[in-house]
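In what follows, a structure is listed as structure tokens, so that the remarks can point back to it.
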Amino acid sequence: MYLEEDLIPISALQHVLFCERQYALIHLEQAWEENRFTAEGRVLHERVDDEHHESRRLLKTEYGLAVRSLHHGLVGKADVVEFEKDPSGGYTEIKPVEFKRGRNKEDDFDRVQLCALALCLEEMFDMKVNRGEFYYLQEHRRTSVILDSELRDNTTSLIIRIREINNSGKTSSAQYNRRKCDRCSLIEICMPRVIESGGKNVSRYIKNQIRAAIAEGEG
Ligand code: SF4
């Protein structure tokens with residue numbers, strides 16, 4: 001069992017899966033830059049994070065529910081959790097529902113977050129959580145995700161990897177990957193193309209930055 005001060009924020013799972021250097025920059029070095037993608041996600045979550053609940057016959061819906069697991073060492077907040085009840089008031093199903101901007105994606109970034117929320121809910125309510133759902137804003141519909149053993153193993157492997165990085169205290173070196181880096185909010189801090197070149201491009205990089213600043217001033 002982990003102590004409160006050792007809990008990992010659930011959002012960190014997406015960071016480490018996206019890029020271990022990004023994880024370390026944010027969580028070890030406290031670097032954070034907002035870009036269009038993170039801003040849209042933040043605004044969306046601010047809209048649904050307001051903690052309250054609604055009850056309708058056999059369905060209770062919690063919004064902005066704080067969750068944690070001392071067994072897995074996780075802490076976070078669920079956009080929505082639906083509790084289906086039987087007439088005696090017991091729960092028949094607990095299901096996290098996360099709101100996402102954009103469309104359903106093939107990668108695991110969102111699914112590991114959903115699974116981590118489920119692991120917390122299982123511990124809090126002593127009940128298996130078999131599935132969760134996403135509501136993708138661009139598609140205006142829900143997508144169901146089965147929380148199978150493969151997804152659970154991937155999620156717990158990421159938790160272990162985060163603890164390894166935390167214990168090492170080291171930020172890994174940058175490796176430029178166009179698909180990731182060009183949409184990364186930390187690209188200006190990370191400077192992957194400069195670091196990857198072993199610093200050989202530093203002077204060219206600085207010259208380009210100065211030229212861009214002068215051009216902006218003239219414009
Ligand atoms: S810019 Fe690229 S290498 Fe640097 S943190 Fe972002 S994704 Fe990782």
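Scan the range 134-150 for residues that are open to solvent by less than 40 Å² (accessible area, probe 1.4 Å) and either within 15 Å of the chain's Cα centre (by Cα) or more than 25 Å from H72 (Cβ to Cβ) (or both) and jot them down.
Hits for the range 134-150 are F134, Y136.
G132 is checked against (1) assigned to a loop (DSSP other than H, G, I, E, B); (2) in contact with a strand residue (DSSP E or B) (Cβ under 9 Å, 6 or more places away or on another chain) and fails just one. What number does that condition carry?
Only one criterion in (1) assigned to a loop (DSSP other than H, G, I, E, B); (2) in contact with a strand residue (DSSP E or B) (Cβ under 9 Å, 6 or more places away or on another chain) is unmet by G132, namely (1).
Would you check if there is a residue in the range 120-132 being surrounded by 20 or more Cβ atoms within 10 Å (Cβ to Cβ), out of contact with any Pro (no Cβ under 6 Å at 6 or more places or on another chain) and over 15 Å from T155 (Cα atoms)?
No, because not a single residue in the range 120-132 is surrounded by 20 or more Cβ atoms within 10 Å (Cβ to Cβ), out of contact with any Pro (no Cβ under 6 Å at 6 or more places or on another chain) and over 15 Å from T155 (Cα atoms).
Scanning for something open to solvent by less than 50 Å² (accessible area, probe 1.4 Å) and modelled with pLDDT of 95 or more, does the range 183-194 turn up at least one residue?
Taking every residue of the range 183-194 in turn, none turns out to be open to solvent by less than 50 Å² (accessible area, probe 1.4 Å) and modelled with pLDDT of 95 or more.
Being assigned to a loop (DSSP other than H, G, I, E, B) and within 16 Å of L117 (Cα to Cα) is the filter here, so list the residues in the range 139-187 that pass it.
L147, D148
Please state which of the following conditions K170 fails to meet, knowing it meets all the rest: (1) open to solvent by 70 Å² or more (accessible area, probe 1.4 Å); (2) within 30 Å of E51 (Cα to Cα); (3) within 16 Å of the ligand (Cβ to nearest atom).
The number of the failed condition is (2).
Could you pull out the residue among R161, R141 that is within 26 Å of Q22 (Cα to Cα) and not β-branched (V, I, T)?
Step by step, each of R161, R141 is checked, and only R161 is within 26 Å of Q22 (Cα to Cα) and not β-branched (V, I, T).
For the range 144-158, give me the residue count where each residue is under 19 Å from F18 (Cα atoms) and either free of Cβ contacts under 8 Å to residues at least 12 places away in the same chain or not assigned by TED's automatic domain parsing to the domain that holds T92 (or both).
Counting residues in the range 144-158 that are under 19 Å from F18 (Cα atoms) and either free of Cβ contacts under 8 Å to residues at least 12 places away in the same chain or not assigned by TED's automatic domain parsing to the domain that holds T92 (or both) gives 3.
Touching a residue at least 40 places away in the same chain (Cβ under 8 Å), away from the ligand (no atom under 16 Å from the Cβ) and in contact with a helix residue (DSSP H, G or I) (Cβ under 9 Å, 6 or more places away or on another chain): which single residue out of C115, C120 fits that description?
On inspection, the qualifying residue turns out to be C115.
The values are calculated or read from the model by the stated rules, or taken from the named source; none is laboratory data. These figures come from a predicted structure and were not determined experimentally. Using ideal geometry, Cβ is built from the backbone for each residue, glycine included, and neighbour counts are taken over all protein chains shown. The accessibility values were calculated without ligands, DNA or RNA, using every heavy atom of the protein model including side chains. Shrake-Rupley method; radii C 1.70, N 1.55, O 1.52, S 1.80 Å.
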